[in-house]
1. Report yes if ARG104 is of a type outside the set (A, V, I, L, M), in the same structural domain as GLY134 (by TED's automatic domain parsing) and part of a helix (DSSP H, G or I), otherwise no.
2. Would the stretch 56-76 turn up any residue that is among the hydroxyl-bearing types (Ser, Thr, Tyr), in contact with a Lys or Arg (Cβ under 9 Å, 6 or more places away or on another chain) and under 21 Å from ARG217 (Cα atoms)?
3. Out of (1) at pLDDT 95 or above; (2) of a type in the set (A, V, I, L, M, F, W, C); (3) surrounded by fewer than 18 Cβ atoms within 10 Å (Cβ to Cβ); (4) within 27 Å of ALA216 (Cβ to Cβ), what's the single condition that is false for ILE93?
4. On the given criteria, is SER37 buried (at least 18 other Cβ atoms within 10 Å of the Cβ), assigned by TED's automatic domain parsing to the domain that holds LEU214, touching an Asp or Glu at 6+ places or on another chain (Cβ under 7 Å) and of a type in the set (S, T, N, Q)?
5. Only one residue in GLY112, GLY65 is among the small types (Gly, Ala, Ser), modelled with pLDDT of 95 or more and under 22 Å from LEU203 (Cα atoms). Which one?
6. Output the residues belonging to the stretch 50-100 that are within 18 Å of HIS39 (Cβ to Cβ), among the small types (Gly, Ala, Ser) and under 17 Å from the mean Cα position of the chain (by Cα).
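The values are calculated or read from the model by the stated rules, or taken from the named source; none is laboratory data. Only a predicted model underlies this, so the values are computations on that prediction, with no experimental measurement involved. Glycine gets a Cβ as well: all are built from the backbone with ideal geometry, and neighbour counts include every protein chain shown.
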Amino acid sequence: MNNAPIGVFDSGVGGLSVLREIRQTLPDESLLYVADSGHVPYGEKTSEQIRERSRSIAQFLLGRGAKALVVACNTATAAAVADLRERHDLPIIGMEPAVKPAARATRTGVVGVLATTGTLQSARFAALLDRFAGSVRVITQPCPGLVEYIEQGELDSPRVLDLLRGFTRPLLAAGCDTLILGCTHYPYVRPALQSVLPAGITLIDTGAAVARQLQARLATLEMTAAGPALPCQFWSSGDPQALRRVLPTLWGEPGGVELLPF
């Protein structure tokens, strides 16, 4: 069981940023990855639609022997992680926008959150603010359209830069000095984001923290793999060729991709 794979899924390619952190932190673990690109973006879907997709994908990964699941999507975590934990008795790690570290990092006392509409409207995100923001002022900014460009591997085009300028302008005007990347897709536009921001703005995402949390859970349960890891397996509910094209850029190496059969 220890050498069974870890299942990771996202609405599309964004979770590859988390997958890379898991591979770096746990190099002996075999990995399975599902990109639900046929249903991206999750941010514009209802919570029930996201729960239905998450249940189906979880069953698919468990059917391939996954010993743990990582919901590498902030929107799916907000909508579905509690439901998945009720249904399955195995480690299930979700994403959380990094409100607590951002509140510690800010010097101006104003933090901005870049995220999908679904994440920002969730009760889970509201609870995080209540729990960790304290006296820090948190300003949220939905980013419609950004996920779709990242899905295509478009990370620093003029139109992506224009979107980023538009999304960050009100946050900067409000005095934000710390920005949370509240979607797993967004670390891929970090260099582009830094190019349109003034010096001294801190960017925070949670991929590395999720990998460390997974590592700790597996160690506590004595489920850590001895290795060697098998090559990562990929599935997409969209066009498999589209995922194959972006894997060298977003994952760091090419890989085979199969069509998700639902």
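1. yes
2. Within the stretch 56-76, not a single residue is among the hydroxyl-bearing types (Ser, Thr, Tyr), in contact with a Lys or Arg (Cβ under 9 Å, 6 or more places away or on another chain) and under 21 Å from ARG217 (Cα atoms).
3. Result: ILE93 fails condition (3) only.
4. Judged against the criteria, SER37 is a match.
5. Unique residue meeting the criteria: GLY112.
6. SER54, ALA58, ALA72, ALA76, ALA78, ALA79, ALA80
This table checks each residue for (1) within 18 Å of PHE234 (Cβ to Cβ); (2) of a type in the set (Val, Ile, Thr); (3) surrounded by fewer than 22 Cβ atoms within 10 Å (Cβ to Cβ); (4) not assigned by TED's automatic domain parsing to the domain that holds ALA229.
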position	(1), (2), (3), (4)
ASP10	yes, no, no, no
VAL13	yes, yes, no, no
SER30	yes, no, yes, no
GLY43	no, no, no, no
ARG64	yes, no, yes, no
VAL71	yes, yes, no, no
ASN74	no, no, no, no
ALA78	no, no, no, no
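Residues checked against (1) out of contact with any strand residue (DSSP E or B) (no Cβ under 6 Å at 6 or more places or on another chain); (2) surrounded by fewer than 18 Cβ atoms within 10 Å (Cβ to Cβ):
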position	(1), (2)
SER157	yes, yes
LEU161	yes, yes
ARG165	yes, yes
ASP205	no, no
LEU214	no, no
LEU218	yes, no
MET223	yes, no
LEU243	no, no
GLY256	yes, yes
